[in-house]
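Q: Got a structure for you, questions after.
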Amino acid sequence: MAQEIDLYALLKLYADKKHSAYIEVPGFLDYLKTYIKHHSGKQSEWNSATKFWAELSKLTEGGTCKLLTDTPERCIYMPRYYTDRIRDAYQSLETMILPFPSEESLGIHLREDEVRIIDGSHEFLQVYFDHPQDTIIKLTFSDTKIDAILVLASMIPKGLLEAALLKVKGYLQHQDNMDYIRYRLAPKLRGKENYLGNVLTQLSNEPMEFLETIEEAGESSYLFWLHFVTVIKHDIIEKYEPLTQDIAIIQAACIIEQFNNYYRGKIDKATDRIDALNDLKHHFEKAPYLYTLDEIIKFTNKNRTPLLELYSQEDLQAYLEAKTASKDNELPELLTLWGNNNEQWFVLRSRFFSLSVRLIIEVRPLVKQAMTERWLRLLKDFDSEPAMKNDEDFEKVLAYYTKEFIPPLAAMMHYKKLPFLYSENALTQESVPETLRLYNQGKASSLKDLLLLNQEELVADIRMTLPFWYSIPLVVRIRTFFKNFGKQPEPFIIKDASLKKGKHSNNAIAMMALPAKKDPILELEANLVPEGHTLDTYLTELQDRWNQLLDKQARENLAEDINALIRNRVRVTTRTLKSAQMTATQLDEMAADLMLQISDLNRLNEKNALQLYIKLDIIKLLQNKKNASPD
């Protein structure tokens with residue numbers, strides 16, 4: 001009886017015979033004729049080449065093989081040949097203690113475009129998971145003299161780890177290897193002798209039980225495999241000529257080492273991510289309590305590691321979205337404030353009130369000084385503006401200066417959910433003076449009340465500093481008449497130039513230049529910097545005196561901490577300090593206040609040098625701000 005012929009099975013047999021996935025058609029046809037002669041008889045329809053080409057067409061259409069016509073002899077390519085050979089080799093591993101499959105052991109040769117080479121000694125799992133599209137992978141072991149192995153991408157991770165554990169089982173069952181490993185690991189796992197014995201026994205019987213424990217990367221499991229791999233690689237690799245079973249266990253140890261490190265690394269990264277998100281939360285609870293997105297991105301942990309290296313941008317975005325979202329008709333935990341120029345700040349709801357109080361206290365002297373300078377210019381020129389008498393216009397000017405000096409405070413005053421904030425914290429607000437509440441008695445507080453400014457009193461105080469004839473009504477009327485003679489009244493407007501020196505126009509807020517004065521900042525510098533020094537050289541000398549830590553990194557960290565503290569302290573006042581009269585008393589107070597905020601102060605011996613350094617650094621910051629601003 002003629003035997004039914006399976007062309008694909010014959011192609012596989014012929015490929016195995018040639019140890020290649022590439023089959024030359026003429027040679028296979030000769031093989032086919034011989035096979036038919038012995039199995040199907042002379043009357044078989046396969047005696048005609050037409051049947052062969054018809055069946056081959058079906059196989060190529062199904063993708064099980066390809067006909068290559070770009071060679072001198074037409075060639076059939078078997079895409080699954082190499083993968084089938086490798087898969088068959090792994091299926092026969094359980095009862096063997098032979099090395100993992102390789103090109104040599106399978107008798108095949110792979111072209112460069114058919115295999116991807118990865119160093120199995122250096123985080124090959126991460127490399128693979130980054131590019132998992134490859135079919136056949138060759139793992140090399142650069143830190144040993146062990147031959148490379150072949151593995152299918154579809155076997156990673158579970159299939160490859162299973163094969164490695166079976167190798168460990170075969171090794172432990174061979175001769176006295178289990179007793180030897182117990183003897184070598186006992187000193188490293190002192191106090192865990194029972195655990196060690198149980199693990200080795202289980203490995204020699206049911207190694208697949210360890211698939212989950214390796215992936216979970218618990219402390220005991222991680223340490224066991226860490227020491228096990230170290231012993232195998234150290235003791236066996238040192239052999240002059242490792243035996244076949246030695247090569248197998250070294251390959252298995254290298255593979256298990258990478259799995260052990262990879263899964264432990266994932267656990268550590270997950271832990272670091274959780275810790276980093278907790279650090280992010282704690283940063284919002286620290287002064288100055290108000291942060292932009294750029295500042296949040298630069299947050300670091302106690303080790304100076306940027307938090308953005310420990311969690312992803314997606315994690316940060318998800319955190320901010322979750323914390324700024326309202327739930328169950330309640331205000332979000334993290335409030336978002338918006339400025340007029342699309343500026344954005346984040347502040348904890350629990351810190352909103354204390355922050356608003358601090359900013360109000362900070363802005364009061366700044367706005368008062370700016371208003372005093374503003375109106376002094378006008379009154380010296382026998383001029384005035386509507387804000388001097390009209391409350392609505394006065395509020396506009398105060399709002400303008402508040403936004404210029406401390407933009408976040410202006411944003412807090414216009415926060416759309418301000419009434420809800422104060423209503424849910426009505427009891428806690430009773431201890432806060434009314435003049436420090438942004439919202440009071442059912443309405444938003446006026447800046448006039450918050451800043452403790454009254455235009456009539458302010459004008460009166462300024463007039464007291466002018467010569468007496470500025471207070472004579474007749475002189476004022478005559479001077480004003482001739483000044484405004486023939487001019488049309490101008491509408492009340494607020495210009496950006498109001499913070500700068502410029503030409504004066506009636507009823508406008510453009511300022512006349514004050515008489516030239518010596519820069520108070522330069523005067524302070526001259527009084528503090530000794531002869532023969534510049535500001536920079538003296539700062540360097542002072543830093544060397546107060547920062548005497550031996551460790552270079554610790555010394556740099558301390559310097560950066562103190563410099564950051566100084567920058568943050570003057571950040572909200574630098575705009576006004578370029579026009580304000582900075583006095584020695586104000587500088588002393590700022591330096592003394594900063595000294596109290598330095599947590600490592602007790603570690604420093606030269607406290608006087610540090611305080612002088614703080615003063616000069618403040619002066620340098622103010623000078624840099626002035627030089628960076630347009631005239």
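The values are calculated or read from the model by the stated rules, or taken from the named source; none is laboratory data. Note that the coordinates shown come from a computational prediction; the quantities given were computed from them, not determined experimentally. Every residue, glycine as well, gets a Cβ built from its backbone with ideal geometry; the counts of neighbours run over all protein chains shown. SASA here: full protein model, heavy atoms, side chains in, ligands and nucleic acids out. Shrake-Rupley method; radii C 1.70, N 1.55, O 1.52, S 1.80 Å.
Q: Just the residues that are farther than 23 Å from Leu558 by Cβ and at pLDDT below 75, please, taken from the stretch 582-604.
A: Selection gives Met582 alone.
Q: Taking the stretch 165-174 only, how many residues are hydrophobic (A, V, I, L, M, F, W, C) and either open to solvent by 10 Å² or more (accessible area, probe 1.4 Å) or more than 22 Å from Pro99 (Cα to Cα) (or both)?
A: Result for the stretch 165-174: 1.
Q: Identify, please: which residue in the stretch 280-292 is open to solvent by 70 Å² or more (accessible area, probe 1.4 Å) and part of a helix (DSSP H, G or I) and is, among those, farthest from Ala564 (Cα to Cα)?
A: Selected residue: Lys281.
Q: Now a separate question. Taking the stretch 187-212 on its own, how many of its residues are open to solvent by less than 30 Å² (accessible area, probe 1.4 Å) and either more than 30 Å from Met155 (Cβ to Cβ) or part of a loop (DSSP other than H, G, I, E, B) (or both)?
A: Going through the stretch 187-212 one residue at a time, the tally reaches 2.
Q: Between residues in the stretch 604-627 that are free of Cβ contacts under 8 Å to residues at least 24 places away in the same chain and more than 16 Å from Glu523 (Cα to Cα) and residues that are assigned to a helix (DSSP H, G or I) and open to solvent by 10 Å² or more (accessible area, probe 1.4 Å), which pairs lie under 6 Å by C-beta distance while being six or more apart or on different chains?
A: Between residues of the stretch 604-627 that are free of Cβ contacts under 8 Å to residues at least 24 places away in the same chain and more than 16 Å from Glu523 (Cα to Cα) and residues that are assigned to a helix (DSSP H, G or I) and open to solvent by 10 Å² or more (accessible area, probe 1.4 Å), the close pairs are Gln611/Met595.
Q: Can you work out which of the residues in the stretch 111-133 that are modelled with pLDDT of 80 or more and either over 35 Å from the mean Cα position of the chain (by Cα) or under 15 Å from Ala253 (Cβ atoms) (or both) is most open to solvent (accessible area, probe 1.4 Å)?
A: Looking at the filtered set, the residue picked out is Glu112.
Q: Something else: Anything in the stretch 215-236 that is open to solvent by less than 60 Å² (accessible area, probe 1.4 Å), among the hydrophobic types (A, V, I, L, M, F, W, C) and part of a helix (DSSP H, G or I)? List them, or say none.
A: Of everything in the stretch 215-236, those that are open to solvent by less than 60 Å² (accessible area, probe 1.4 Å), among the hydrophobic types (A, V, I, L, M, F, W, C) and part of a helix (DSSP H, G or I) turn out to be Leu223, Phe224, Trp225, Phe228, Val229, Val231, Ile232, Ile236.
Q: Kindly indicate whether Leu161 is under 27 Å from Lys269 (Cα atoms), touching a residue at least 40 places away in the same chain (Cβ under 8 Å) and surrounded by fewer than 18 Cβ atoms within 10 Å (Cβ to Cβ).
A: no
Q: Condition first: of a type in the set (A, V, I, L, M, F, W, C), without any contact (Cβ under 8 Å) to a residue 24 or more places away in the chain and open to solvent by less than 70 Å² (accessible area, probe 1.4 Å). Can you find one or more residues in the stretch 266-279 that meet it?
A: Checked against the condition, which is being of a type in the set (A, V, I, L, M, F, W, C), without any contact (Cβ under 8 Å) to a residue 24 or more places away in the chain and open to solvent by less than 70 Å² (accessible area, probe 1.4 Å), the stretch 266-279 yields at least one hit.
Q: Would it be correct to say that Ser326 is surrounded by fewer than 18 Cβ atoms within 10 Å (Cβ to Cβ) and more than 24 Å from the chain's Cα centre (by Cα)?
A: So Ser326 fits the description; yes.
Q: Kindly establish whether Thr201 is more than 30 Å from Ala270 (Cβ to Cβ) and in contact with a Leu (Cβ under 7 Å, 6 or more places away or on another chain).
A: No; evaluated as a whole, the condition is false for this residue.
Q: A follow-up question, please. Of the conditions (1) of a type in the set (Lys, Arg); (2) free of Cβ contacts under 8 Å to residues at least 40 places away in the same chain; (3) surrounded by 15 or more Cβ atoms within 10 Å (Cβ to Cβ), Lys443 fails just one. Which one is it?
A: (3)
Q: Turning to a different aspect of this structure: Here is a list of conditions, (1) farther than 24 Å from Thr583 by Cα; (2) surrounded by fewer than 20 Cβ atoms within 10 Å (Cβ to Cβ); (3) in contact (Cβ under 8 Å) with a residue 12 or more places away in the chain; (4) not basic (Lys, Arg), and Phe394 meets all of them except one; can you say which number that is?
A: Tallying (1) farther than 24 Å from Thr583 by Cα; (2) surrounded by fewer than 20 Cβ atoms within 10 Å (Cβ to Cβ); (3) in contact (Cβ under 8 Å) with a residue 12 or more places away in the chain; (4) not basic (Lys, Arg), Phe394 fails exactly one: (2).
Q: Does Leu172 fit the bill of being at pLDDT 90 or above, under 21 Å from Ile247 (Cβ atoms) and assigned to a strand (DSSP E or B)?
A: Answer is no for this residue.
Q: Does the stretch 134-150 contain at least one residue that is modelled with pLDDT of 85 or more, basic (Lys, Arg) and more than 25 Å from Asp246 (Cβ to Cβ)?
A: no
Q: What do you reckon, is Leu522 within 27 Å of Thr402 (Cβ to Cβ), open to solvent by 30 Å² or more (accessible area, probe 1.4 Å) and at pLDDT 80 or above?
A: Answer is no for this residue.
Q: Still on this structure: Considering the stretch 413-449 alone, what residues qualify as being under 27 Å from Gln344 (Cβ atoms) and assigned to a helix (DSSP H, G or I)?
A: Met413, Leu418, Pro419, Phe420, Leu421, Tyr422, Ser423, Glu424, Thr428, Gln429, Leu436, Leu447
Q: Same structure, new question: Can you run down the residue pairs with Cβ atoms below 8 Å, 6 or more apart or on separate chains, where the first is in the stretch 217-233 and in contact (Cβ under 8 Å) with a residue 60 or more places away in the chain and the partner is surrounded by 16 or more Cβ atoms within 10 Å (Cβ to Cβ) and not in a helix (DSSP H, G or I)?
A: Pairs found: Lys233/Thr144.
Q: Further question on the same structure: Before we move on, is Ala410 in a helix (DSSP H, G or I), under 16 Å from Ala387 (Cβ atoms) and hydrophobic (A, V, I, L, M, F, W, C)?
A: For Ala410, the condition - in a helix (DSSP H, G or I), under 16 Å from Ala387 (Cβ atoms) and hydrophobic (A, V, I, L, M, F, W, C) - is not met.
Q: Quick test for you: out of Arg304, Arg351, pick the one residue that is open to solvent by 70 Å² or more (accessible area, probe 1.4 Å) and touching a Phe, Trp or Tyr at 6+ places or on another chain (Cβ under 6 Å).
A: So the residue among Arg304, Arg351 that is open to solvent by 70 Å² or more (accessible area, probe 1.4 Å) and touching a Phe, Trp or Tyr at 6+ places or on another chain (Cβ under 6 Å) is Arg351.
Q: Would you pick out the residues in the stretch 175-186 that are assigned to a helix (DSSP H, G or I) and either of a type in the set (Gly, Ala, Ser) or exposed (fewer than 15 other Cβ atoms within 10 Å of the Cβ) (or both)?
A: The answer is Asp179, Tyr180, Tyr183.
Q: Considering (1) more than 30 Å from Glu434 (Cα to Cα); (2) not in a helix (DSSP H, G or I), say which one Pro332 fails and leave the rest.
A: (1)
Q: Quick one: how many residues across the stretch 356-381 are among the hydrophobic types (A, V, I, L, M, F, W, C), within 18 Å of Glu434 (Cβ to Cβ) and buried (at least 17 other Cβ atoms within 10 Å of the Cβ)?
A: 3
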